[in-house]
Amino acid sequence: GRTAAVIPAAGRGERLGPGTPKALRDLGGVPVLVHAVRAMCRAEEVALVVVVAPPDSPDTVRAMLAAAPLPDHVEVVVVPGGADRQESVRLGLAALPGDVDVVLVHDAARALVPAATVDSVVAAVRSGAPAVVPALPVTDTVKRVAPDPDRPAGAPEPVVDTVDRAALRAVQTPQGFVRAVLDDAHRRRTDGGEGATDCAGMVERLGHRVVLVPGHEEAFKITRPLDLVLAEAVLARRET
Ligand code: CTP
Ligand code: MG
């Protein structure tokens, strides 16, 4: 079967500030999502890319992709997204043809993921893992608090304890799946919308084995304004 990448790109990017949806913003002269599509196309196995566009702008996204040079061995399809990431992924999965047996789900916002990271995720799925997630050690010390909705924003918070960082990993995308496993998780949708930031989490809850492979620092998610500054610097370093 073929390997496809679903790219959820339908979010507003509220943490980046007001303006154009995040995936449509400029990064070094090209929309963020075009970088993400190119990153998937550079991976050896990816034959098809499904871009999940902001619900009201699939045609804008089609025009952006038509204006960008993309390799022609990869088929690119655009579908409108949904209200949250999980819904957007579900709509992307629904657009996959029957001959796709391995699926990558990749945040448009992780626009600069290296091809080698994508390849290693695909290779681990092809070697027999039902679900594969790139991840990195956590570098900050992490403290647990007891969230209290009545505490005013910015008021000092009591520490409950310090988490053992050695046992934590920060996860990235692309996350790779045997297609049937991810389809099944989306059909059952057991989590009622909670914890929907991660496809692998849905698969874990169904009892499937999820494994981690090394992530990459350039696969960071563009979330806040400073991340755009970092992304521009990564691009500039690649071009020299
Ligand atoms: N996403 C999506 N559909 C949604 C919400 C998010 O396809 N309804 C996508 C985003 O476009 C992004 C990825 O999921 O590529 C990761 O989400 P995040 O970084 O949180 O992006 P946004 O939701 O757009 O940003 P914010 O949470 O700051 O509004
Ligand atoms: Mg979001």
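Just so you know, all these numbers are worked out from the coordinates, no wet-lab data involved. All figures in this text were calculated on a predicted structure; none of them were measured in a lab. Every residue, glycine as well, gets a Cβ built from its backbone with ideal geometry; the counts of neighbours run over all protein chains shown.
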Is there a quick way to get the dipole size of the chain? I mean about its Cα centre, with the Cβ of Lys and Arg at +1 and of Asp and Glu at -1; what is the value in debye to the nearest 20? 80 debye
Using all alpha carbons of region 71-225, what is the percent of pairwise distances in each 5 Å bin, ordered from the shortest bin to the longest? 1, 8, 15, 18, 20, 16, 10, 6, 4, 2, 1, 0
Antiparallel as a % of all DSSP beta bridges within the chain, to the nearest 5? 40 percent
Comparing 63, 115, 47 in a Gaussian network model of the chain (Cα, 10 Å), the one with the largest mean-square fluctuation is 63
Determine the gain in length on full extension of the stretch residue 83-residue 2; use 0.36 nm per residue of separation and subtract their C-alpha separation, reporting nm with one decimal. 26.3 nm
Region 18-94 - convex hull of the alpha-carbon atoms, volume per residue in Å³: 98 Å³
For the chain, what is the relative contact order in percent, using Cα pairs closer than 8 Å and at least 6 residues apart in sequence? 24 percent
Rounded to the nearest 0.05, what FRET efficiency do residue 42 and residue 224 give with R0 = 22 Å and r taken as the Cβ-Cβ distance? Could you check? 0.25
Length-normalised contact order for region 52-169 - Cα pairs under 8 Å, 6+ apart - percent: 17 percent
For the chain, set up a GNM with springs between Cα atoms under 10 Å and report which of 94, 131, 166 has the largest fluctuation. 166
Once exposed loop GluC sites (Glu not before Pro) are cut out (DSSP; at most 12 other Cβ, 10 Å), longest piece of the chain: 45-193
In region 23-54, whose amide N lies under 12 Å from the spot 7 Å out along Cα-to-Cβ of residue 234? List them in ranges. 35-36, 39
Length gained when the stretch residue 151-residue 56 is fully extended (0.36 nm per residue, less Cα-Cα span): 30.5 nm
Can you give the charge dipole size of region 1-45 about its Cα centre, rounded to the nearest 20 debye, using +1 on the beta carbon of Lys and Arg and -1 on the beta carbon of Asp and Glu? 100 debye
So in region 1-110, what percent of DSSP beta bridges are antiparallel if you round to the nearest 5? 10 percent
Would you calculate the separation in nanometres between label points at residue 70 and residue 187, each defined as 7 Å from the Cα along the Cα-to-beta-carbon direction? 2.9 nm
Taking region 145-240 and dividing mean pair separation by its residue count, relative contact order in percent (alpha carbons under 8 Å, at least six apart): 20 percent
Alpha-carbon centroid distance for the pair region 10-89 / region 149-193, whole angstrom: 24 Å
Pick from 208, 73, 216: which residue has the top mean-square fluctuation in a GNM of the chain where Cα pairs under 10 Å get a spring? 73
